[in-house]
Amino acid sequence: MKLTDKVAVVTGATQGIGLACAQRLIAEGAKVMLVDIKPEGADAAAALGEQARFFAADVSQKADVDAMVAATLAAFGRIDILINNAGVTHAANFLDVCEEDFDRVMRINLKSMFLCGQAVARVMARQLSGSIINMSSVNAELAIPNQVPYVVSKGAINQLTKVMSLNLIEYGIRVNGIGPGTILTELAKKAVMSSPESRNTILSRTPMGRCGEPEEVASIAAFLASDDASYMTGQTLYVDGGRLALNYTVPVK
């Protein structure tokens, strides 16, 4: 197991990609603090056994982030891995996006990664080691017309990953990102696979001809968290079935 005796914090951890990441890290030997704003996340953590704990927090708020870090240190004594995964979307055309929704998405998607990254990096800096993974998206490079704040936040996350990586090299901390394409979380299944039309729209721009699974993103997270990625920092790896390489649509079976 590649992560034996490591301690990880995963935000947005009670479903989808976050939960898959927590499960994979535990399978690799890590102890994991699952963090989510939903208190029912305690059940998800309990199902993962003795290596898991749960902390309810709004990671866009500094006080909650500081409390989360303190709780993790109290439970496990150190922090070796952070997966910044909390995020939301908001659908509206550019002329219709209100300030409150723009600010909310930026606060949850981007500010939370700054707050969690800074608080955890201060712990890692004392240890002179650590791996931080920021969950980006193919929409950091591409754009969906009615996902204005989401697209902006993901582009900013890529730059945050780069600047964090350069600042934290001297402390032995690596910072990388993951940019998923369409991944079959429960939300995606309802949103994009609910009709043949929406399914074909997604698959027509995915050369592999299928959507990804949360476990496939979690595999990349486990790699980046491990010593197998010891010479990688400042990178964003895209898990997208070939989507970013495509400049035309493909036929769907």
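Backbone amide hydrogens, once placed in the peptide plane, bring Gly130 within less than 5 Å of Arg174, excluding anything fewer than 5 places away on its chain. Between Gly179, Ala91, Met113, the Cα set farthest toward the positive side of the dipole of the chain (charges on each charged residue's Cβ, about the Cα centre) is that of Gly179. With 20 Å as the limit on Cα-Cα distance, the pairs of Lys162/Lys189; Lys31/Lys154; Lys38/Lys62 that go past it are Lys162/Lys189; Lys31/Lys154. Taking 7 Å steps out from each Cα toward its Cβ at Asp58 and Leu166 produces label points 3.4 nm apart. For the chain, the mean projected area of the C-alpha convex hull, equal to one quarter of the hull surface, is 13.6 nm².
By definition, a body whose alpha carbon gyration tensor gives a ≥ b ≥ c is oblate when a/c is 1.5 or more and a/b is not larger than b/c, and segment 97-231 fits this oblate description. Bridgeable aspartates and glutamates around Lys111 (alpha carbons under 18 Å apart, same-chain partners fewer than 8 residues away excluded): Asp36, Asp58, Asp64, Asp66, Glu99, Glu100, Asp101, Asp103. The stretch between Asn247 and Glu186 holds 19.1 nm of extra length on full extension. This uses 0.36 nm per residue minus the Cα-Cα distance. Assuming charge only on the beta carbon of Lys and Arg (+1) and of Asp and Glu (-1), the dipole of segment 16-148 about its Cα centre is about 580 debye to the nearest 20. By other beta-carbon atoms within 10 Å, ranking Ile17, Ile220, Ile173 with the fewest at the front produces Ile220, Ile173, Ile17. Summarising the amide proton neighbourhood of Glu213: residues at separation of 5 or more, or on other chains, whose placed amide H is nearer than 5 Å comprise Leu184.
FYI, it's all coordinate maths here, none of it is from the lab. Quick caveat: nothing in here was measured; it's all calculated off a predicted structure. Backbone-built Cβ (ideal geometry, glycine too); neighbour counts: all protein chains shown.
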